[in-house]
Amino acid sequence: MDEKRALLQKIPQVDLLLRREAVREACESFGHTAVRKAVRQVLDSLRAGLLAGEVREIPSMEALEKQTVEALKKARESGLRRVINATGVALHTNLGRAPLAEKALKALEAAAGYLNLEYDLPSGERGSRGTFVEPLLCALCGSEAALVVNNNAAALLLALSTFSKGKEIVVSRGELVEIGDGFRIPDIMAESGGTLCEVGSTNKTRLSDYENAINEQTGMLLKVHTSNYRVIGFSASVQVRELAALGAKHNLPVLADLGSGAVLEASEYPFSGEPTVPQTLRDGADLVCFSGDKLLGGPQAGILLGKKELIARMKRHPLARALRIDKLSLAALEATLRLYENPKRAKEEIPVLASLSAVSESLRRQAQALCREIVESGADCGTRVVPQQRPVGGGAAPGQLLDGFAVAVCPHRCAVEQLEALLRNANPPVIARIFDGELLFDPATISESDFEAVAAALAKSLG
Ligand SMILES: *Cc1c(COP(=O)(O)O)cnc(C)c1O
């Protein structure tokens, strides 16, 4: 006990450690407040270690100094940072959904400074934020008009607030979607000031259900794409085409929330049944909305397309200003949309589309190349190339899996769960999925330039 007390008394003063050269230098880049906090933490943990009997001597000042600087560096690393997505899920919501195309990155850089955001260069007069993206979207999807806001939830909120505040919004019970992280479409609808008028049942909704619900209070007919689940078996839902005819008959706007937003024709995608934006507009929807960072493969954004007079009304709504898109996202979106002017180029240069359309044979070759890289790194594990099926993710093509190949890694001297955690904390972190006692690395979402980093992280984690 006395020995412990004697040791506790020998813990150096905060100020003493703060005066050490490396710690003083750290103040330059980390700031005094953070450095003082780090010093306190190092000394507190030393005290706790001594009290618990886990530490039996006071480390040297050099060691404490080093610990402090390392803690500061580690804290900085815990901010937002690049990770390697080895899951094969192209639209991984927790990993930032769509990675941007090279051209979008360049546009971001250019937009970081001053730019002609709302300034018409030829006339020198005030311009509009949507000048460049709106015509691109209209041409791409065959729309009369367009409006871009912060994200798709904002697009939905703006549309509902504009057309059904104090009115009823008719929607099928089969389409009351929870998007993720506890956010639900019905709650967003309630925020718009409209009243939800649910029709049909979970599995079956007919046109007559909508028709019977229409009254003087009705403000809008809404169709929500069930983006992250499917109702299969004994089920029926009403197609946009029928709903549009019903809306036209009763002079009510029909909005289709498509969520994922496939803007190419359906045949360009390696899955089926995902409603495309151009087709939904051709089917007569008055308005459609979707995200910029799902199948479109761009930055976070909410895109509204459809009838000119409806879009114009939304543009004038006060919420439009509160929900507007920022300049960086707008620049990245414009660059992404320009790639779509040539669908072939879009599929090569937009990472999400490239990942989704990668064919099995090329994925097999990439998996073999990654496998070789891992073997050559000397990582202490078993490796083999296995067939692998991957979901699209991000609320697109639910229930459908794309064929490919992955490298399956089996560590020799630790549990696979332990390896998974070590890789998550590597630099850069590698996010991989455990399946059947092996860790899978899917080249569909790993760029070839990262193969070496994946192998190095594995070798280091297993070293
Ligand atoms: C993803 C999704 C949303 C939300 O879009 P955000 O861009 O994330 O705001 C809304 N509706 C549907 C149907 C979706 O799939």
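The values are calculated or read from the model by the stated rules, or taken from the named source; none is laboratory data. Given the structure is predicted, the values throughout are model-derived calculations rather than measurements. Note: ideal-geometry Cβ built from the backbone for every residue, glycine included; neighbour counts use all protein chains shown.
Quick rundown of the values:
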{"item": "Extreme residue, farthest from residue 391 (Cα to Cα), among residues of segment 407-422 that are aliphatic (A, V, I, L, M), surrounded by 15 or more Cβ atoms within 10 Å (Cβ to Cβ) and out of contact with any Pro (no Cβ under 7 Å at 6 or more places or on another chain)", "result": "422"}
{"item": "Pair list, Cβ < 8 Å and 6+ apart or interchain, from segment 227-246 residues that are under 19 Å from residue 179 (Cβ atoms) and among the aliphatic types (A, V, I, L, M) to residues that are in a loop (DSSP other than H, G, I, E, B) and within 16 Å of the ligand (Cβ to nearest atom)", "result": "231/237"}
{"item": "The lone exception for residue 190 - which of (1) touching a residue at least 24 places away in the same chain (Cβ under 8 Å); (2) within 16 Å of the ligand (Cβ to nearest atom); (3) in a helix (DSSP H, G or I); (4) farther than 23 Å from residue 276 by Cα it fails", "result": "(1)"}
{"item": "Scan of segment 193-210 for residues that are in contact with a helix residue (DSSP H, G or I) (Cβ under 8 Å, 6 or more places away or on another chain) and not in a strand (DSSP E or B), ordered by number", "result": "193, 194, 200, 201, 202, 203, 205, 207, 210"}
{"item": "Top-ranked residue of segment 374-385 - restricted to ones that are assigned to a helix (DSSP H, G or I) and touching a strand residue (DSSP E or B) at 6+ places or on another chain (Cβ under 9 Å), ranked as surrounded by the fewest Cβ atoms within 10 Å (Cβ to Cβ)", "result": "375"}
{"item": "Neighbours by Cβ (under 6 Å, 6+ apart or cross-chain): first from segment 155-174, under 12 Å from residue 287 (Cβ atoms) and within 14 Å of the ligand (Cβ to nearest atom); second modelled with pLDDT of 95 or more and acidic (Asp, Glu)", "result": "156/257"}
{"item": "Condition check for residue 215: over 29 Å from the mean Cα position of the chain (by Cα), surrounded by fewer than 21 Cβ atoms within 10 Å (Cβ to Cβ) and within 15 Å of residue 287 (Cβ to Cβ)", "result": "no"}
{"item": "Among (1) within 16 Å of the ligand (Cβ to nearest atom); (2) more than 23 Å from residue 208 (Cα to Cα); (3) in contact with a helix residue (DSSP H, G or I) (Cβ under 8 Å, 6 or more places away or on another chain); (4) at pLDDT 95 or above - the single one residue 152 does not satisfy", "result": "(3)"}
{"item": "Selection status of residue 35, in a loop (DSSP other than H, G, I, E, B), modelled with pLDDT under 95 and either surrounded by 11 or more Cβ atoms within 10 Å (Cβ to Cβ) or out of contact with any Leu (no Cβ under 8 Å at 6 or more places or on another chain) (or both)", "result": "no"}
{"item": "Test: residue 3 is exposed (fewer than 12 other Cβ atoms within 10 Å of the Cβ) and in a helix (DSSP H, G or I)", "result": "yes"}
{"item": "Number of positions in segment 227-260 that are away from the ligand (no atom under 16 Å from the Cβ) and assigned to a helix (DSSP H, G or I)", "result": "8"}
{"item": "Flag for residue 301 being over 15 Å from residue 171 (Cα atoms), under 19 Å from the mean Cα position of the chain (by Cα), within 11 Å of the ligand (Cβ to nearest atom) and modelled with pLDDT of 95 or more", "result": "yes"}
